[in-house]
Amino acid sequence: MTNPIADPLVEVPDTDLDNTLVRIEATVEGVAIVTINRPERRNAFDARLIAALYEAFETLQGAEGVRVVFLRGAGGMFSAGADLDWMREAADRTESDNRDDAYAMAKMLKSLWDIPALTVALVEGGAFGGGAGLATACDMAIATADAKFSFSEVRLGLIAATISPYVVGAVGPRTARALFATGQVFDAAYAEKVGLVTEVVADVAALDAARARIATEMMACAPGAVADSKKLVEDVAYKPIEDVMEETAKRIARTRVSPEGQEGVRAFLDKRKASWVV
C-alpha cells in the first residue's frame, strides 16, 4: 500500500472560501487537511473565521472521494478560542446580535460533525474555549505532549454553550461539569485520560507521523461504511438496547446487500484487495 499522505498536497479551490483564513489541501487519494490560518491571532475565532470554516466543512461534506479530514492550526497553535477584539465587539452588541453570532458558531461545529469521512484534530500548542470544542467535534483528536487545554469561559462570566454537546459527548457529563465550572488549564495527558484526546504523541514530528499512519489506515476502509458507521453511533448512543435492536438489524442487512458490502465480502473470500483499497 502506498502512503497517501506522502503524495503532494494540492490546494482545493472554492470561490466562497476565504483562503486567507482557512486552507484546504488534499491528495488524489482523498486525504484532506484543513488549516486554520490566523497564526498572528493564535488562530482565534471571529465572525470571518467561523464563516470560512463553515464553508470549508460544507465543501468537504459534498466533495467526492474524501476519505479522511485532518484539522490543524497554523503557526504551532491549534486555536486560542475567541478573538479578543471580537469579544469586545460582542460586549457592545444586543442579545439578538449575539445570538446570531453564536448560532453561526453552532452551525460551523455541526457542519464539521456532519462530514461523512473520519475527522481528526491535530492539536499542538493549545486548544482553549471554542478551540477545544472544535477538537471534540472531530471523531478523533491527537495532541502533542506539551499541548494545553481549557474551557475558561466561566472566568469571563460566560459559559461554554455552543461547544457543550460535543464536549459532553467526548468526556461525559460529570467531567464536563468540572471542566466547565472550574475553567482549569490541563495538559494533554489529562485530556487523554478524560477522553477529550484520543492519543498523545511526543512532538510535532510524531504528530505528522500519526497523521500519515491514520491516512494509510483509512485507505483500507470503505468510504460508505465509514459514513454509515459514524451515523450508526449517533443514532444508537444513550438509547435503550431494545429500542434500537430492530433498526440495527435492518442496517446490517442493508449493508450486506449494498455494492460496498458485496465487494468487501467477495474480496475477502477471494483473498484480494477490495476496490477502495489504495
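Which residues, taken from region 136-159, are aliphatic (A, V, I, L, M), touching a Gly at 6+ places or on another chain (Cβ under 8 Å) and modelled with pLDDT of 95 or more? Even if it seems obvious, please write down each step before you answer.
First pass over region 136-159, keeping only residues aliphatic (A, V, I, L, M): 137, 140-143, 145, 147, 154, 156, 158-159.
Applying the additional criterion that residues be touching a Gly at 6+ places or on another chain (Cβ under 8 Å) yields 147, 154.
Matches in region 136-159: ALA147 only.
Restricting to region 103-125, what's the tally of residues that are out of contact with any Gly (no Cβ under 9 Å at 6 or more places or on another chain) and either within 19 Å of ALA160 (Cβ to Cβ) or small (Gly, Ala, Ser) (or both)?
Residues meeting the conditions: 10.
Just need a number here: residues in region 139-175 that are among the hydrophobic types (A, V, I, L, M, F, W, C) and in a strand (DSSP E or B). Quick ask: steps written out before the conclusion?
Within region 139-175, the subset among the hydrophobic types (A, V, I, L, M, F, W, C) is 140-143, 145, 147, 149, 151, 154, 156, 158-161, 163, 167-168, 170-171.
Checking the rest, the ones that are also in a strand (DSSP E or B) come to 140-143, 149.
Number satisfying all stated conditions: 5.
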Quiz prompt | Residues located in region 110-125, provided they are assigned to a strand (DSSP E or B) and either surrounded by fewer than 24 Cβ atoms within 10 Å (Cβ to Cβ) or without any contact (Cβ under 8 Å) to a residue 60 or more places away in the chain (or both) | solution = LEU118, THR119, ALA121
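Please go through region 129-138 and give me each residue that is small (Gly, Ala, Ser) and not in a helix (DSSP H, G or I), ordered by number.
GLY129, ALA137
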Quiz item: Could you say which residue among ALA91, ALA44, ALA56 is surrounded by fewer than 21 Cβ atoms within 10 Å (Cβ to Cβ), outside the structural domain of ALA227 (by TED's automatic domain parsing) and not acidic (Asp, Glu)?
Solution: ALA91
Quiz item: Restricting attention to region 181-196, which residues are within 18 Å of CYS138 (Cβ to Cβ) and surrounded by 16 or more Cβ atoms within 10 Å (Cβ to Cβ)?
Solution: ALA188, ALA191, GLU192, VAL194, LEU196
Quiz item: Does at least one position in region 90-103 carry a residue that is of a type in the set (Phe, Trp, Tyr) and more than 18 Å from the chain's Cα centre (by Cα)?
Solution: yes
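The values are calculated or read from the model by the stated rules, or taken from the named source; none is laboratory data. No experiment lies behind these values; they were computed from the predicted model shown. Don't worry about glycine lacking a Cβ; one is built from the backbone with ideal geometry, like all the others, and counts go over all protein chains shown.
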